[in-house]
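> Dumping the structure here so I can ask a few things about it.
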Amino acid sequence: MNQAYAVAAVTVVVLATVLIGALGLRISRTTSDFYVASRTVKPGLNAAAISGEYLSAASFLGIAGLVLLQGPEMLWYPVGYTAGYLVLLVLVAAPLRRSGAYTLSDFAEARLESPQVRRLASLFVVGIGWLYLLPQLQGAGLTLEILTGAPDWVGGLVVALVVTGAVAAGGMRSITFVQAFQYWLKLTALLVPALFLVVAWLGDDAPRARFAEPATFREHTSVRVDDTVRIDLDRPLRVTVTGTVDDRRHDREPVALDAGVHRIGAGTELGFPAHARVPQKAGSERTGASSWSQPLASSREEHPLYATYGLILATFLGTMGLPHVAVRFYTSPNGTAARRTTLVVLGLVGAFYLLPPVYGALGRIYAPELSLTGEADAAVLVLPDRMIGGVGGDLLGALLAGGAFAAFLSTASGLTMSVAGVLTQDVLPSRGVRHFRLATVIAMAVPLGLSIVTVDVPVADAVGLAFAVSASSFCPLLVLGIWWRGLTPPGAVAGLVVGGGAALTAVMATRAGLPADGWSHSLLAWPAVWSVPLGFLTMVLVSLATRDRIPAGTAATLARLHLPEDLMANDSTGVSGGARQR
Amino acid sequence: MSADQPASARPPRRETVTGVPRSARRPPGHAPARSEITEQTSLGATYVRSLMRSQLRTALIALGALVLLVGSLPLLFSLPEVFTTSDLPSPAPFVWAVLGVVVYPVLWLIARWYVRRAERNERAFSKLVEGR
């Protein structure tokens, strides 16, 4: 891949982001502009911004990588990410906007009239936000490393600086423009190369991708293994080796490997003959863990049906509680617009998700060795070079690199915006634009520090963890808060702690490798199936037990959440004002 | 419902109104049901409840369609494995077509139905409240 083109593309994306952010700075005048873009963002623009923010690198690169590794079953990820918006639309979109609150913490406080619930909700917002920011920064580092060979902390630092600058300078209004621009950039960056790749694939007599059997090399391929891996061969294999295999050094020698497990040293180059099977990584070892392409549980195949439903529940119900998703609804002018915006978002996000599977399937045919080197995420980036080559391949590769960087930037800005909003309101002493800027720096500095200190946090785990925790904590709070009169502050606190806490503990335990296999492993690795009902049940039961603590203003709040704005607005000027004046 | 009937039927509430000249007509569109809602009488609460119930029913129908059409797919896909009849064609192309393409328009259509229905519910409610 041509580094100069890739660096140029990334630079252009970064510059465009800064420029559009600066444009927003000229328009952004008031505090209200700053936080909610004065609530005047039209559905079309707002929907593009929401989609641009939502489609992170996990969508742009990760889904293709997952499909390459594990086949069409992984398509449940994009389906879940999209269906999450349908559930959000149906259950919370309009009432959330009508609540008139800015963050999820504001909603909790407005609905339950309790500062304690507010503080707990803030804790979850900041926690989920950081959990989600961390993989964005690490992924940016990984991408820039693959593209240019820069050290892996550089990408994270670039993203952090650009995002902090754009958010702190222009606030929500400039971010709205930036993210709307980045949605269209990401769609173009994935669509145009995909068309060329499909043409190239047709010109190649359209070979079929096979997922039922191991992938094979189409031609003689040489693969460089960056991190030490253990491979499991099910039949003998002849390769040319430069480096160490099973602790023996070779220098461009043909080596016959028996069936069984072999250890390939870091930096080894393997030359595979045409039509050789791509070796599978030995199961237990998970080296080079920093990858979206790693499934949340290594034992997915043990209980696939349960795991699929775990994924479905986490993504369908978790989307509504993601802090950067919720905050965008406050920028709609009213509840009806919020609903229409979500409808447009569903169209935009769904259109985008038609593309990554194409890359996954083509990657399985043309770049199967990525599963061996643990760089399946790079499938999207390397395919143009692999299938088209020449200047055309370089240009398309650069377009994809720019799109991938746009993915990091947009999701990271949305998350920073929402975390900074909560920090300004609930942690820092006084409100105001200057404190918001300070909060932005803090919101980005913590995950940036973590991303440099903790090297190998698996990205898929962090993203999946955020969805599972959000589905088990904010989903019950929002759904019950909007539709049930009986919710009490103690019930909300208990549900948040028990549901969200259980999901968090379960995935942490899996990360620590506690139950190695069997049902207990599946249960902990895919907690949403039981932790979401647990959260709901706790919230309902504790609320029923503390029925005397139902907030006094519940009826008024629910009326405000569900009545169309024109009724409510006319009331405040019509009734009380009219009575006073006349 | 005709104007002023519910309000004048509740004498205890009328006693608190003082000093408003009789000549001051209520502005057009300001129907009594609306003040029932803002003043949080039990009648107003009933109005809100009725709107919530119709919106919740719409939401549950949409969710039901989602569960039925999309949520049941994993079960459907695992059927061939359960029966392990090798003469069945591989489900892979079907899985690709459904999860890769078909599911997105289905989600969008459910969403569009919901948005239209929810807005209709609100319009009907506004009409009821404003007594038109």
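> Output the residues belonging to the range A:371-389 that are of a type in the set (A, V, I, L, M, F, W, C) and open to solvent by less than 10 Å² (accessible area, probe 1.4 Å). Reasoning before the result, please.
So in the range A:371-389, the residues of a type in the set (A, V, I, L, M, F, W, C) come out as A:372, A:376, A:378-383, A:387-388.
Answer for the range A:371-389, where residues must be of a type in the set (A, V, I, L, M, F, W, C) and open to solvent by less than 10 Å² (accessible area, probe 1.4 Å): A:372, A:376, A:378, A:379, A:380, A:381, A:383.
> Suppose the filter is under 31 Å from the mean Cα position of the chain (by Cα), modelled with pLDDT of 75 or more and open to solvent by less than 30 Å² (accessible area, probe 1.4 Å); does residue A:312 pass it?
Details: under 31 Å from the mean Cα position of the chain (by Cα): yes; modelled with pLDDT of 75 or more: yes; open to solvent by less than 30 Å² (accessible area, probe 1.4 Å): yes.
When the stated conditions are applied, residue A:312 passes them.
> Can you report the number of residues in the range A:218-266 which are in a loop (DSSP other than H, G, I, E, B) and surrounded by fewer than 17 Cβ atoms within 10 Å (Cβ to Cβ)? Quick ask: steps written out before the conclusion?
Taking the range A:218-266 first, the residues in a loop (DSSP other than H, G, I, E, B) are A:218-220, A:226-228, A:234-236, A:246-247, A:258-259, A:265-266.
Narrowing further to those that are surrounded by fewer than 17 Cβ atoms within 10 Å (Cβ to Cβ): A:218-220, A:226-228, A:234-236, A:246-247, A:258-259, A:266.
So the count comes out to 14.
> On to the next question. Of everything in the range A:105-116, what is more than 15 Å from residue A:475 (Cα to Cα) and assigned to a helix (DSSP H, G or I)? Give them in sequence order.
Within the range A:105-116, the first condition is being more than 15 Å from residue A:475 (Cα to Cα), and the residues that meet it are A:106, A:109-110, A:112-116.
Across the range A:105-116, the qualifying residues are A:106, A:109, A:110, A:112, A:115, A:116.
> Are there any pairs with C-beta distances below 6 angstrom linking a residue in the range A:140-160 that is open to solvent by 50 Å² or more (accessible area, probe 1.4 Å) to a residue that is of a type in the set (A, V, I, L, M, F, W, C), with the two at least 6 apart or on different chains, and if so which?
Note: pairs meeting the criteria are A:146/A:378; A:153/A:452.
> Look through A:414, A:421, A:392, A:403 and report the one residue that is over 17 Å from the mean Cα position of the chain (by Cα), part of a helix (DSSP H, G or I) and surrounded by 22 or more Cβ atoms within 10 Å (Cβ to Cβ). Write out each step before concluding.
Details: A:414 fails: over 17 Å from the mean Cα position of the chain (by Cα); A:392 fails: surrounded by 22 or more Cβ atoms within 10 Å (Cβ to Cβ); A:403 fails: over 17 Å from the mean Cα position of the chain (by Cα).
Only one candidate qualifies: A:421.
> Can I ask one more? With farther than 30 Å from residue B:51 by Cβ and more than 13 Å from every other protein chain (Cβ to nearest Cβ) as the only criterion, which of A:111, A:119 stands out? Talk me through it step by step, then tell me what you get.
Values: A:111 fails: farther than 30 Å from residue B:51 by Cβ.
Exactly one residue qualifies, and that residue is A:119.
> Same structure, new question: Any chance the range A:362-376 includes a residue that's on the phi > 0 side of the Ramachandran plot and touching a residue at least 60 places away in the same chain (Cβ under 8 Å)? Break it down stepwise before answering.
In the first step, residues of the range A:362-376 are kept if they are on the phi > 0 side of the Ramachandran plot; the result is A:374.
Cutting the leftovers down to touching a residue at least 60 places away in the same chain (Cβ under 8 Å) gives us A:374.
Checking the range A:362-376: at least one residue is on the phi > 0 side of the Ramachandran plot and touching a residue at least 60 places away in the same chain (Cβ under 8 Å).
> Filter the range B:91-113 down to residues that are open to solvent by 30 Å² or more (accessible area, probe 1.4 Å), at the interface with chain A (Cβ under 7 Å from one of its Cβ atoms) and modelled with pLDDT under 90, then give me how many there are. Steps first, answer last, please.
Quick first cut of the range B:91-113, residues open to solvent by 30 Å² or more (accessible area, probe 1.4 Å) only: B:91-94, B:96-97, B:101-102, B:105-106, B:108-109, B:112-113.
After this cut, where a residue has to be at the interface with chain A (Cβ under 7 Å from one of its Cβ atoms) as well, the list is B:92, B:96, B:101, B:108, B:112.
Going one step further and asking which of them are modelled with pLDDT under 90, we end up with B:92, B:96.
Residues flagged as open to solvent by 30 Å² or more (accessible area, probe 1.4 Å), at the interface with chain A (Cβ under 7 Å from one of its Cβ atoms) and modelled with pLDDT under 90 within the range B:91-113 amount to 2.
> Is at least one residue of the range A:341-352 closer than 14 Å to residue A:196 by Cα, over 18 Å from the mean Cα position of the chain (by Cα) and assigned by TED's automatic domain parsing to the domain that holds residue A:129?
Of the range A:341-352, the ones closer than 14 Å to residue A:196 by Cα are none.
No, the range A:341-352 has no match at all.
> Here is a follow-up. Name every residue in the range A:424-440 that is at pLDDT 80 or above and surrounded by fewer than 17 Cβ atoms within 10 Å (Cβ to Cβ), in order of residue number.
Selection gives A:438 alone.
> Here's another thing I want to ask about it. Which ranges mark the helices (runs of 4 or more DSSP H) fully within the range A:448-566 that have 1 or more residues being modelled with pLDDT of 85 or more, crowded, with 21+ Cβ neighbours inside 10 Å and assigned by TED's automatic domain parsing to the domain that holds residue A:116? Walk me through it before giving the result.
Working: elements: A:459-483, A:489-495, A:501-511, A:518-525, A:528-545, A:554-562.
Correct list: empty, since no element meets the threshold.
> Moving to a separate point now. Any idea which of (1) at pLDDT below 85; (2) open to solvent by 80 Å² or more (accessible area, probe 1.4 Å); (3) part of a helix (DSSP H, G or I) is the one residue B:132 doesn't satisfy?
(3) is the only condition that residue B:132 fails.
> If the requirement is being in a loop (DSSP other than H, G, I, E, B), of a type in the set (Ser, Thr, Tyr) and within 22 Å of the chain's Cα centre (by Cα), which of these qualifies: A:77, A:81, A:102, A:132?
Numbers: A:77 fails: in a loop (DSSP other than H, G, I, E, B); A:81 fails: in a loop (DSSP other than H, G, I, E, B); A:132 fails: in a loop (DSSP other than H, G, I, E, B).
Criteria check complete, one pass: A:102.
> Are any residues in the range A:324-354 open to solvent by less than 20 Å² (accessible area, probe 1.4 Å) and at pLDDT 85 or above, and if so, which ones? Steps first, please.
Initial filter on the range A:324-354 (open to solvent by less than 20 Å² (accessible area, probe 1.4 Å)): A:324-332, A:335, A:337-339, A:341-342, A:345-346, A:349-350, A:352-353.
A:335, A:337, A:338, A:339, A:341, A:342, A:345, A:346, A:349, A:350, A:352, A:353 - these are the residues of the range A:324-354 that are open to solvent by less than 20 Å² (accessible area, probe 1.4 Å) and at pLDDT 85 or above.
> Of the conditions (1) of a type in the set (Val, Ile, Thr); (2) over 19 Å from residue A:416 (Cα atoms); (3) within 23 Å of the chain's Cα centre (by Cα), residue A:117 fails just one. Which one is it?
(3)
> Does residue A:73 qualify as being surrounded by fewer than 23 Cβ atoms within 10 Å (Cβ to Cβ) and touching a Ser or Thr at 6+ places or on another chain (Cβ under 9 Å)? Before you say what the answer is, go through the steps one by one.
On the way: surrounded by fewer than 23 Cβ atoms within 10 Å (Cβ to Cβ): yes; touching a Ser or Thr at 6+ places or on another chain (Cβ under 9 Å): yes.
Spelling it out, residue A:73 is indeed surrounded by fewer than 23 Cβ atoms within 10 Å (Cβ to Cβ) and touching a Ser or Thr at 6+ places or on another chain (Cβ under 9 Å).
The values are calculated or read from the model by the stated rules, or taken from the named source; none is laboratory data. Note that the coordinates shown come from a computational prediction; the quantities given were computed from them, not determined experimentally. Here Cβ is always computed from backbone atoms with ideal geometry, including for glycine, and neighbour counts include all displayed protein chains. What goes into the accessible areas is simple: the full protein's heavy atoms, side chains included, and nothing from ligands, DNA or RNA. Shrake-Rupley method; radii C 1.70, N 1.55, O 1.52, S 1.80 Å.
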